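Student: Can you keep this structure in mind? I'll have questions shortly.
The values are calculated or read from the model by the stated rules, or taken from the named source; none is laboratory data. Given the structure is predicted, the values throughout are model-derived calculations rather than measurements. Note that each Cβ is placed from the backbone with ideal geometry, even for glycine, and that neighbours are counted across all protein chains shown. Quick note on the areas: whole protein, heavy atoms, side chains included, nothing else; ligands and nucleic acids left out. Shrake-Rupley method; radii C 1.70, N 1.55, O 1.52, S 1.80 Å.
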Amino acid sequence: MKKIALSTKPRRVKAAFIWPFAIVLTFILASFVATAYFLEVRVRDRALADRVAAVGKLVDQKLSKDTNLMQAVLRTMMGNPTIEAAFARHDRDALLGEVGPLFETLRTDHRITHLYFNGSDLVNVLRLHSPGQFGDLINRSTTIQARDQGKPVHGLELGPLGTLTLRLVVPWRRPAGILGYLEIGEEIGYLVDEIRDSLSVDLFVMVDKDFILPQQWQQGLTLFNRQGNWDRFGTRVLVAQTTAEVPAALNDSMLGRLSKGGSEVFKDGSRQLHLAMLPLNDASGRRIGDLVVMRDITNLQQTFLTSIMAVVLLSLLAGTGVLGLFYFSLDRVERDYRRQHDLEHQLLRLGTEHQRILQIEKLSALGTMVGEIAHQLNNPLVGVVNLAQLAVREADDPQRTRELLKEIHRAGADCHAFIQSMLRFSKVSSFESKPTPMAQVIEETVLMFRQTERRQITVETRLPEPSVVLTVDPILIRHALFNLLTNAAQACADDSASTIVIGLDPHVNPDSGAPGWMLSVTDHGQGIAADILGKIFLPFFTTRSDGTGLGLPVVQHVALVHGGYVSASSPQEGGTKFAIWLPTVNKFASENQSDQQHAAQNSGR
Ligand SMILES: Nc1ncnc2c1ncn2[C@@H]1O[C@H](COP(=O)(O)OP(=O)(O)OP(=O)(O)O)[C@@H](O)[C@H]1O
Ligand SMILES: [Mg+2]
């Protein structure tokens, strides 16, 4: 038997799996938390970027809306012949009288702060917002561009006091030539407050120090009642803001980084602030400063922190749960594994034990067999030796010597008969099966039996029609049936006219469910006592003085080699029934046949 090698100690499944699993789980959770963090940061940066873009868009929208309004105002004025005539005459009083009330309405209702009538030579004819000041040359970039391009020009311009003004300059043409230029403008300081209110961001308008003088800037502060520090930043100066205080952390290096397009997050006291920057270009396309957009993200950061904490906590809980579940599953697996391991050990032990017992049984059967053979041979041989001694001693008496020699001959004949039956027993070990009509085998055996049996015993056969053909070894079947018939005859009383019945009936194997046939021999003899019934198939078991006890072992052997079995039953009222079950499809026979064919082919080569 092949030995299965088993380790003495079962493997520790839990220890082998739990640590790698815990490490993998920690890594997954850490990655999950890190991903959540980076996603939140991206969402926050994207929100600010969107806000900054919205600020830029809103500024453009407001400026374009105001420009449209200003354009409509100027067109209306240019369509008025009275105003045209007064402008052509450079009649300031007439112009003031005609346009003054309109300008007042524009100033109060639409924040228009400037309205100029400039001559074709760009010399100012009338300032509606400051009528006492005129006759100076207006050479601002918007006016120059309008003259050079001969079409309306608008854009932002930085005033001398550091104020940003939206200006629109429209050339006034007549068929005879250019009449002059109308210029209208508004200071856009209001814009930052409106944007703060609509987008909830704070704005700082910063102007490059190259475009403004400190004295002018100071005048602007005084005029608009604002506070500021010229030296607060190196190259920029603050000209408008929506908050009272400038964050302390906002310095030149941060502005430098912001101007490269990035964004900054920093703490200002208890607040968390997020900054980004938009360039400010004037009408001629120069970058005159920057618009710093600041968003208070304290609440957002708080929510962000809370959600990250929640994610970490949930991840930890989930991780612990999964780890716990895995631990318990592994624990169960380990326990099952241990149980199976123990079971395998026990089975292996039992298997070895079983092998040992089989070996012992074989040896003891061999011992019994040898003892029986010795016993069977010893009795006649002892007789031969004793009788021979007696014959020597009584050699003078020829009559006695002849008798003794006859005895010696009988004892020798007994030995010979025993050895013959031993040889018959050994012959049944060869097995050659072929499709055999069972009726024919039975008839032949009965014929043979009748020739050997001197008494008048009726043998009745009850066979199925048509005859059954089974793949069997006919010699072995004949041998077995003959033994059963002999036993049945020996069990019948000498004086009675007994009947032995041979039957062949279909029968399904109760264990395997395989179909087959039951070959039975029933007699009405003495029967078999219950205590003997269990021993009758043991070799050398016999109740007869001249029996060898090898008849039924042969029958059993024949049944087994055909893949069948033999059974014996003896009812209390007497008589015995022996039955050999033979399968319809003989597996052993087909294997045996293929072996034989193989052997024949081999020997034929
Ligand atoms: N039909 C039967 N009726 C009663 N007892 C039987 C019958 N067949 C067998 N036995 C019992 O079973 C024993 C064993 O039978 P088995 O055929 O093996 O040996 P045997 O007949 O004693 O000797 P032999 O070797 O000559 O056949 C018999 O001695 C007998 O006691
Ligand atoms: Mg017998």
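Student: Confirm whether F103 is modelled with pLDDT of 95 or more and either surrounded by 17 or more Cβ atoms within 10 Å (Cβ to Cβ) or in a loop (DSSP other than H, G, I, E, B) (or both). I'd like the intermediate steps shown before the answer.
Tutor: Working: modelled with pLDDT of 95 or more: no; either surrounded by 17 or more Cβ atoms within 10 Å (Cβ to Cβ) or in a loop (DSSP other than H, G, I, E, B) (or both): yes.
Spelling it out, it is not the case that F103 is modelled with pLDDT of 95 or more and either surrounded by 17 or more Cβ atoms within 10 Å (Cβ to Cβ) or in a loop (DSSP other than H, G, I, E, B) (or both).
Student: May I pose another question? Name, by its number, the condition in (1) at pLDDT below 85; (2) open to solvent by less than 60 Å² (accessible area, probe 1.4 Å) that does not hold for F17.
Tutor: Unmet for F17, out of (1) at pLDDT below 85; (2) open to solvent by less than 60 Å² (accessible area, probe 1.4 Å): (2).
Student: Which residue out of T499, T486 is more than 24 Å from P583 (Cα to Cα), free of Cβ contacts under 8 Å to residues at least 60 places away in the same chain and either within 15 Å of ligand 2 (Cβ to nearest atom) or among the hydroxyl-bearing types (S, T, Y) (or both)? If you could, list the steps in order and put the result at the bottom.
Tutor: Values: T486 fails: free of Cβ contacts under 8 Å to residues at least 60 places away in the same chain.
Exactly one of T499, T486 is more than 24 Å from P583 (Cα to Cα), free of Cβ contacts under 8 Å to residues at least 60 places away in the same chain and either within 15 Å of ligand 2 (Cβ to nearest atom) or among the hydroxyl-bearing types (S, T, Y) (or both), namely T499.
Student: A further question on this structure: Taking I18 as the residue in question, decide whether it is closer than 30 Å to R332 by Cβ and touching a helix residue (DSSP H, G or I) at 6+ places or on another chain (Cβ under 7 Å).
Tutor: On the way: closer than 30 Å to R332 by Cβ: yes; touching a helix residue (DSSP H, G or I) at 6+ places or on another chain (Cβ under 7 Å): yes.
Criteria met by I18.
Student: Among the candidates S467, S512, S520, single out the residue that is more than 16 Å from ligand 2 (Cβ to nearest atom), over 30 Å from S364 (Cβ atoms) and without any contact (Cβ under 8 Å) to a residue 24 or more places away in the chain.
Tutor: On the way: S467 fails: without any contact (Cβ under 8 Å) to a residue 24 or more places away in the chain; S520 fails: without any contact (Cβ under 8 Å) to a residue 24 or more places away in the chain.
The conditions single out S512.
Student: Still on this structure, please answer the following. For A176, all conditions in the list (1) open to solvent by 10 Å² or more (accessible area, probe 1.4 Å); (2) touching a residue at least 12 places away in the same chain (Cβ under 8 Å) hold save one; what is the number of the exception?
Tutor: Going through the list (1) open to solvent by 10 Å² or more (accessible area, probe 1.4 Å); (2) touching a residue at least 12 places away in the same chain (Cβ under 8 Å), A176 breaks only (2).
Student: Provide a single number: the residues in the stretch 144-195 that are in a loop (DSSP other than H, G, I, E, B) and among the polar types (S, T, N, Q). If you could, list the steps in order and put the result at the bottom.
Tutor: The initial filter retains those residues of the stretch 144-195 that are in a loop (DSSP other than H, G, I, E, B), namely 150-152, 159-163, 175-176, 188.
Checking which are among the polar types (S, T, N, Q) leaves us with 163.
Total satisfying the criteria: 1.
Student: Which one of these does L476 not meet: (1) open to solvent by less than 20 Å² (accessible area, probe 1.4 Å); (2) within 13 Å of ligand 2 (Cβ to nearest atom); (3) of a type outside the set (S, T, N, Q)?
Tutor: (2)
Student: Name every residue in the stretch 546-589 that is open to solvent by 20 Å² or more (accessible area, probe 1.4 Å), in a loop (DSSP other than H, G, I, E, B) and either within 19 Å of G516 (Cα to Cα) or of a type in the set (S, T, Y) (or both), in order of residue number.
Tutor: If the condition is that a residue be open to solvent by 20 Å² or more (accessible area, probe 1.4 Å), in a loop (DSSP other than H, G, I, E, B) and either within 19 Å of G516 (Cα to Cα) or of a type in the set (S, T, Y) (or both), then T548, G563, S570, T584, V585 are the ones that fit.
Student: Mind checking which residues of the stretch 523-553 are more than 9 Å from ligand 2 (Cβ to nearest atom) and either closer than 15 Å to A480 by Cα or touching a residue at least 60 places away in the same chain (Cβ under 8 Å) (or both)? So that I can check it myself, show each step before the final result.
Tutor: Initially, the stretch 523-553 is screened for residues more than 9 Å from ligand 2 (Cβ to nearest atom), giving 523-541, 543, 545-546, 553.
Once the filter is applied, which keeps residues that are more than 9 Å from ligand 2 (Cβ to nearest atom) and either closer than 15 Å to A480 by Cα or touching a residue at least 60 places away in the same chain (Cβ under 8 Å) (or both), the stretch 523-553 yields I536, F537, P539, F540, P553.
Student: Moving on. Would you mind telling me which numbered condition in (1) at pLDDT 90 or above; (2) of a type in the set (F, W, Y); (3) away from ligand 2 (no atom under 16 Å from the Cβ) F578 fails?
Tutor: Condition not satisfied by F578: (3).
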